[in-house]
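Q: Would you mind keeping the following structure in view while I ask a few things?
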Amino acid sequence: GVVVERTSGSLQIIESSTMTRLGRVDGLGDLSHASVVFSRDQRYAYVFGRDGGLSKIDLLEQRIDRRVIQAGNSIGGAISQDGSLIAVGNYEPGGVKVFDARTLEPVADIPATALPDGSRNSRVVGVIDAPGQRFIYSLFDTNETWLLDFSASRTPKVTRFENIGKQPYDALLTPDGRYYVAGLFGEDGMAKIDLWH
């Protein structure tokens, strides 16, 4: 397993059966709201840093395999069902960027909806991988949820759900992959989307 050490910008690699430390990887930037996903074979950890950094960590060799600064301010991401794509949700510039999981080369850049005054794009939150090579996420400032479908090609089909509730925030996918549920920061409620229909 891994432990994010936010103050030092490092990742500690641990062995959880005997609770021992195996190593530490430094130089991961601002980890104040970091999250981690793993490759399907569990060899690599992908760390999403608050400074827009996306780091691919080789857990066996205990080192950074690749690192890119892909935005000004990011807040989490997901790995696709087949493990080939990494999606990162960004506050700044607002939108989602998708990368090849092996090389971290850019695959797609999907800007979020611009605010009415045109000052910036909506912040993106709650990025989750959905069955069928899809990613789903919410646009905090414009009350939307978008579904990116990469099942046919690396140019995604985008489905937009508007007016889902005020300021959708953290989200989850039910274990059967059917429902995306986002908590609403701006009102007392939740948004629920049926991905089967």
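Q: When region 1-29 is examined, which residues are found to be open to solvent by 30 Å² or more (accessible area, probe 1.4 Å) and not in a strand (DSSP E or B)?
A: Result: G1, R6, T7, S8, S16, S17, T18, M19, D26, G27, G29.
Q: State the number of residues belonging to region 80-95 that are over 20 Å from V4 (Cα atoms) and either open to solvent by less than 10 Å² (accessible area, probe 1.4 Å) or in contact with a Leu (Cβ under 8 Å, 6 or more places away or on another chain) (or both).
A: Matching residues across region 80-95 total 4.
Q: On to the next question. Does region 37-49 contain at least one residue that is over 26 Å from K157 (Cα atoms) and among the acidic types (D, E)?
A: yes
Q: Going by what's in this entry, would K166 be described as closer than 23 Å to H33 by Cα, open to solvent by 30 Å² or more (accessible area, probe 1.4 Å), of a type in the set (K, R) and touching a residue at least 12 places away in the same chain (Cβ under 8 Å)?
A: yes
Q: Please verify whether region 55-68 includes one or more residues that are farther than 17 Å from D26 by Cβ and among the small types (G, A, S).
A: Looking for residues that are farther than 17 Å from D26 by Cβ and among the small types (G, A, S), one finds none in region 55-68, hence no.
Q: Scan region 120-136 for residues that are in a strand (DSSP E or B), over 21 Å from Y44 (Cα atoms) and open to solvent by less than 10 Å² (accessible area, probe 1.4 Å) and report the count.
A: So the count comes out to 3.
Q: A follow-up question, please. If you go through region 55-79, how many residues are surrounded by fewer than 22 Cβ atoms within 10 Å (Cβ to Cβ) and modelled with pLDDT of 95 or more?
A: Count: 15.
Q: Given the conditions (1) in a strand (DSSP E or B); (2) open to solvent by 40 Å² or more (accessible area, probe 1.4 Å), which single one is not true for T155?
A: (1)
Q: Determine which member of the set D117, D141, D188 is acidic (D, E), assigned to a loop (DSSP other than H, G, I, E, B) and under 18 Å from the mean Cα position of the chain (by Cα).
A: D141
Q: Could you tell me which residue of region 96-114 is surrounded by the most Cβ atoms within 10 Å (Cβ to Cβ), considering only residues that are touching a Gly at 6+ places or on another chain (Cβ under 7 Å) and not in a strand (DSSP E or B)?
A: A112
Q: Which of the residues that make up region 30-47 are surrounded by 14 or more Cβ atoms within 10 Å (Cβ to Cβ), farther than 14 Å from R66 by Cβ and not hydroxyl-bearing (S, T, Y)?
A: Result: D30, L31, H33, A34, V36, V37, F38.
The values are calculated or read from the model by the stated rules, or taken from the named source; none is laboratory data. Predicted, not measured: the structure shown is a model, and the values here were computed from it. All Cβ positions, glycine included, derive from the backbone under ideal geometry; neighbour counts span all protein chains shown. Areas reflect the complete protein model, heavy atoms only, side chains present, ligands, DNA and RNA absent. Shrake-Rupley method; radii C 1.70, N 1.55, O 1.52, S 1.80 Å.
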